[in-house]
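Okay, structure first, notes after.
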Amino acid sequence: MGVPIVLVHGLRVSGSMWRPQVELLEGQGCTVVAPDLPGHGSRRGEEFSLGRAVDTVLEAIDGVGGRALLVGLSLGGFVSIAAAGAAPGRVAGLVAASCTAKPAQSLAQVYRIPAVLMDRLPDKGATLNERFHRLTLRDGAAEAVLDGGLAVEAATAVIDAVSEMDPLSALASYKGPVWLINGARDHFRIHEKQFFDACADGRLVNVPRAGHMVSLDQPVNFSRIVADAADVVAVRERAVEGGGGSPRAVEADGAG
């Protein structure tokens with residue numbers, strides 16, 4: 001039995017965005033869950049905070065046995081980094097995608113201004129966001145995103161909360177294996193070297209022809225990266241449980 005996988009969605013969207021990964025990974029026999037964060041999907045209307053989001057992730061991990069590979073994209077990447085830093089013993093491995101930009105006030109302002117402007121529209125920008133996803137996503141990806149609804153009203157609170165976090169310190173406090181995944185065309189790559197340097201055991205992967213929504217731009221490639229990460233983590237977990245030497249040595253011998 002492999003290590004369970006918890007998938008954490010991005011801003012405005014919900015766990016439904018992970019439908020391609022859930023189908024592909026469950027088809028390989030993986031246990032996969034994709035919870036909705038506060039203020040999103042089935043939890044629209046709830047107040048978002050980073051602490052509540054981390055609690056949601058940790059509850060999902062507890063629901064699949066208390067230890068899992070944690071995979072997050074964009075907002076979900078920042079939340080996953082915070083969860084790994086807060087509870088490293090429950091995170092067997094971390095895949096953080098599309099989130100290698102320090103969310104300082106200056107960067108957050110770039111996203112806060114459009115969010116405030118959208119908030120002034122009659123529908124809070126829902127129509128514009130839906131059109132954007134339908135224009136930029138293909139092969140059923142737009143439907144996967146839109147089926148869970150677009151929590152456009154949550155944007156300002158999320159941006160304010162994330163802009164206060166220190167992801168580099170959280171990464172540095174987590175000693176497990178980390179995969180930093182970016183689309184080659186993603187604007188959130190700007191600090192990827194600093195994020196990589198903060199990892200005690202990190203890997204940096206850039207996916208060609210993919211943008212910020214790398215899991216939807218390249219669903220098969222992204223799912224393969226997650227599956228490979230799950231295999232590596234499973235080998236390490238078995239090594240620790242069996243007392244058969246260091247996980248790194250076993251990984252080199254048994255995982256290729």
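The values are calculated or read from the model by the stated rules, or taken from the named source; none is laboratory data. Everything numeric in this text was worked out from a predicted model, so none of it was measured. Neighbour counts are summed over all protein chains in view; Cβ atoms, including those assigned to glycine, are modelled from backbone coordinates with ideal geometry. For accessibility, only protein heavy atoms count, side chains too; no ligands or nucleic acids. Shrake-Rupley method; radii C 1.70, N 1.55, O 1.52, S 1.80 Å.
Being in a loop (DSSP other than H, G, I, E, B) and in contact with a strand residue (DSSP E or B) (Cβ under 9 Å, 6 or more places away or on another chain): is that true of Ala210 here?
yes
Within segment 37-48, which residues are open to solvent by 30 Å² or more (accessible area, probe 1.4 Å) and in a loop (DSSP other than H, G, I, E, B)?
Scanning segment 37-48 gives Arg44, Gly45, Glu46, Glu47.
Return the total of residues in segment 213-240 being among the β-branched types (Val, Ile, Thr), closer than 16 Å to Pro20 by Cβ and either open to solvent by 20 Å² or more (accessible area, probe 1.4 Å) or part of a strand (DSSP E or B) (or both).
Qualifying residue count for the region: 2.
Which of the helices (runs of 4 or more DSSP H) contained wholly in segment 114-201 include at least 1 residues that are at pLDDT 95 or above and surrounded by 20 or more Cβ atoms within 10 Å (Cβ to Cβ)?
167-173, 192-198
Looking at this structure, is Ala84 at pLDDT below 95, part of a helix (DSSP H, G or I), crowded, with 18+ Cβ neighbours inside 10 Å and not polar (S, T, N, Q)?
Taking the combined requirement at face value, the residue does not satisfy it.
I'm checking my understanding of the structure. Among residues of segment 1-36 that are surrounded by 19 or more Cβ atoms within 10 Å (Cβ to Cβ) and without any contact (Cβ under 8 Å) to a residue 60 or more places away in the chain, which one is farthest from Ile225 (Cα to Cα)?
Ranking the qualifying residues of segment 1-36, first place goes to Pro35.
Looking only at segment 64-74, how many residues end up being among the aliphatic types (A, V, I, L, M) and open to solvent by 10 Å² or more (accessible area, probe 1.4 Å)?
Residues flagged as among the aliphatic types (A, V, I, L, M) and open to solvent by 10 Å² or more (accessible area, probe 1.4 Å) within segment 64-74 amount to 1.
Assuming Ser16 fulfils every condition listed in (1) modelled with pLDDT under 95; (2) out of contact with any Ser or Thr (no Cβ under 9 Å at 6 or more places or on another chain) apart from one, which condition is it?
Tallying (1) modelled with pLDDT under 95; (2) out of contact with any Ser or Thr (no Cβ under 9 Å at 6 or more places or on another chain), Ser16 fails exactly one: (1).
Restricting to segment 171-189, count the residues that are more than 15 Å from the chain's Cα centre (by Cα), of a type in the set (A, V, I, L, M, F, W, C) and over 16 Å from Met213 (Cα atoms).
Of the residues in segment 171-189, 1 are more than 15 Å from the chain's Cα centre (by Cα), of a type in the set (A, V, I, L, M, F, W, C) and over 16 Å from Met213 (Cα atoms).
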